[in-house]
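*Asks:* Next up is a structure, given as C-alpha cells.
The values are calculated or read from the model by the stated rules, or taken from the named source; none is laboratory data. Quantities reported herein were computed from a predicted structural model and do not represent experimental measurements. Virtual Cβ from ideal backbone geometry, glycine too; neighbours counted across all protein chains shown.
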Amino acid sequence: MSIKITKFYFLFHLNLNTNKPHRTIIIMIIGLDIGTSSTKAVAFDLEGQVLATHSISYPILNPLEGYYEQDPEVIYSACIDSVARVMNELQDHDKMLQPMCISVSSVMHGLIAVDKLGKPLTNCIIWADRRSEEIAIELKANEKGRLLYQQTGTPIHPMSVLCKLIWMRSYDDKVLVRSHKFIGIKEFLFYRLFGIYVVDHSIASATGLFDIHQLAWSDLALNLAGISSEQLSTPVSVDHVSRLLNIDIAAAMNIPKGTLFVIGGSDGCLSNLGVGAVKPGVASVTVGTSGAIRVTCPLPNPEQKQRLFSYLLRPNEYIIGGAVNNGGILRSWFRDTFLDESIEKIQDKDADVLLNEMVDSIDPGSEGLIFLPYLTGERAPYWNSNAKGVYFGIQLYHNKAHFARAMIEGMLFAIYSVGIALEESTGPIHKIYASGGFARSQNLVQMLADIFNKPVFIKNTVESSAWGAALIGMEALGIEFKELNIGADNAEHLYMPNGENHAVYVRNFEQFQRLYQKLEDEF
C-alpha cells in the first residue's frame with residue numbers, strides 16, 4: 001500500500017449496517033510511549049496533531065542501595081489501560097475510531113528474566129540500576145571492553161544489559177539457570193500480545209549485546225554474559241508489523257481485533273525522528289526523568305574516549321549522543337525535599353509553578369552557587385556510577401531560590417558537557433530541538449538556549465517519542481510522510497540565546513568541569 005497524505009486527516013463515511021446511519025470513521029495512529037516514570041498513549045492524526053492522550057504513572061522500586069527496578073506487570077497494565085483510556089476519550093456515537101496501527105516507543109536498557117511460560121522471574125532492572133558497577137569498571141578497563149564498545153556502540157556501564165547479565169551470572173545464578181529468555185519491557189509487552197519474542201534493532205543496539213555492524217547478537221558479548229542467542233529475542237527492523245488476534249486483549253484496549261502493531265524503536269531514537277532532528281548539525285535534547293542530547297548520522301561513531309553511544313534506528317541512520325542520569329528527577333527531588341512547607345503556606349500554587357518562580361527570581365549564574373547534579377551517578381560523558389551530587393560555593397546570601405536555580409543550571413550543564421563531546425566527534429551543532437516534560441517550561445528552555453548559545457526550537461507537540469513511533473508506523477504501512485512538515489517551520493516557539501547570559505554560564509561551567517575532575521577520586 002502506498003498512500004500520499006495530502007489532507008489534515010482522513011474522514012470518510014462507511015455504511016457498516018444497512019439498518020444504522022452512516023458513521024464517520026476517524027483514521028489515526030496511536031503512539032504508545034513506555035517511559036521510566038509513566039506510559040503514555042497518544043492518538044495522532046496523520047499530520048501529527050494530538051487528538052487525545054492519556055498517561056499512567058508507576059513507581060521505581062529501590063529494594064537495596066543501588067538497585068532500581070520496576071514491576072513489569074504494572075507497566076503492562078499501564079500499556080493496556082492507557083490505550084483504552086485514549087480510545088474512550090475519543091468515543092463519540094457519531095464517529096467510529098479506527099487506529100491504522102499502534103506503534104511503540106520504549107525506554108532502553110531494561111532486563112527481565114522470564115521462564116518458559118513467559119512469567120517474570122525478576123522485576124525489570126532499569127537503566128538507573130548500579131548493582132553491576134564493579135563489573136562495568138573492570139570490563140571497561142580491559143581490551144574486551146574496548147572491542148565491545150566498537151562492536152555494539154554501547155558504552156560499558158551498569159545500565160547495559162550485558163553488565164546486568166554478567167552480574168546475574170556471578171551473584172544470582174539460580175535465576176540465570178531457571179531463565180528461558182532475557183528481555184526488555186517492550187519485548188514483555190509483545191510476548192503478551194502476540195506470543196513471540198522479538199526486539200527491534202533500536203532497542204537491541206542499546207543492550208551492549210548487539211553488533212550494530214552485523215545486525216546480529218555479538219558472540220563476544222554472549223560469551224561474557226554466559227548465555228546463547230536463543231535466550232534473547234529475535235532482532236527485527238523498527239517497521240516490523242504484527243496483528244493483534246487476541247480478542248480479550250483487544251477488548252481490554254478498546255480496539256478492534258486485528259489491529260496492527262508496529263514494533264517501533266527506542267524513545268531516544270524516535271525522539272530525534274519525531275522532532276525532525278535528522279540532518280547534520282541538528283540536535284535533539286530531551287529531558288524527562290533523565291536527559292539526553294543526540295544527533296543523527298549515516299554511520300556509527302564509536303569514539304576512542306567511549307563517551308557517546310551509537311544506536312541504530314534504520315539502515316544508514318544512527319543516533320549518536322549521550323544520556324545523563326539526572327534530568328527531571330532532580331526537580332522532583334528538590335520539590336519534594338525542600339518545597340513541602342512552602343506549598344502548604346501558598347495554597348493557590350502547585351509545586352512546579354512555585355519552583356519556576358523561584359528559579360526566575362535569581363539571575364543567571366546563581367550568584368556563584370554551582371551544583372553537580374549526580375544524585376544517581378552519571379552516564380555520559382563520564383560514565384561514572386559513583387558520582388555524587390554537590391553544592392559548591394555556598395555563601396550567607398544564598399537562599400532556597402539560589403539552590404533551586406543552581407540545581408536547574410547543573411542539570412543543563414551536564415547535558416552541555418555531553419553536547420561538547422558530541423560536537424568534538426560529529427561536528428558543530430547549529431540548532432537544537434527540545435522535547436520532553438521540561439519543554440513546557442519557557443524559563444528552562446531559555447536557559448538551555450543561553451547555555452548552549454544556540455537557537456532552540458519547540459515543536460507544536462512535545463510528544464516527540466510517541467510521534468516518532470507514529471512516523472515509523474506510517475512507514476511500515478507504506479504511507480509517505482516525507483512531505484509532512486516536520487522541520488523548523490513547524491516549530492511553535494523559537495528561543496534565541498542571550499549572549500550576556502551565555503558568558504556568565506561559560507564561567508560557571510568551566511568551574512563545574514574543574515569541580516568534577518577534582519572530586520572524581522573522592523566519589
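*Asks:* So which residues in the stretch 422-456 are polar (S, T, N, Q) and either in a loop (DSSP other than H, G, I, E, B) or within 11 Å of Tyr495 (Cβ to Cβ) (or both), if there are any at all?
*Replies:* Ser441, Gln442, Asn443, Gln446, Asn453
*Asks:* Among the residues that make up the stretch 330-348, is at least one of them under 30 Å from Asp129 (Cα atoms), in a loop (DSSP other than H, G, I, E, B), free of Cβ contacts under 8 Å to residues at least 24 places away in the same chain and among the polar types (S, T, N, Q)?
*Replies:* So far as the stretch 330-348 goes, no, none of its residues is under 30 Å from Asp129 (Cα atoms), in a loop (DSSP other than H, G, I, E, B), free of Cβ contacts under 8 Å to residues at least 24 places away in the same chain and among the polar types (S, T, N, Q).
*Asks:* Among (1) in contact with a strand residue (DSSP E or B) (Cβ under 8 Å, 6 or more places away or on another chain); (2) surrounded by 17 or more Cβ atoms within 10 Å (Cβ to Cβ); (3) of a type in the set (A, V, I, L, M), there is one condition Val175 misses while meeting the rest; what is its number?
*Replies:* Result: Val175 fails condition (2) only.
*Asks:* Take the stretch 90-111 and flag every residue that is surrounded by 22 or more Cβ atoms within 10 Å (Cβ to Cβ) and either at pLDDT 95 or above or not in a strand (DSSP E or B) (or both).
*Replies:* Scanning the stretch 90-111 gives Cys101, Ile102, Ser103, Val104, Ser105, Ser106, Val107, Met108, His109, Gly110, Leu111.
*Asks:* Right, Lys186: closer than 15 Å to Leu121 by Cβ, assigned to a helix (DSSP H, G or I) and of a type in the set (D, E, K, R) or not?
*Replies:* When the stated conditions are applied, Lys186 does not pass them.
*Asks:* Could you tell me whether Gly31 is under 18 Å from Trp467 (Cα atoms), at pLDDT 95 or above and not basic (Lys, Arg)?
*Replies:* yes
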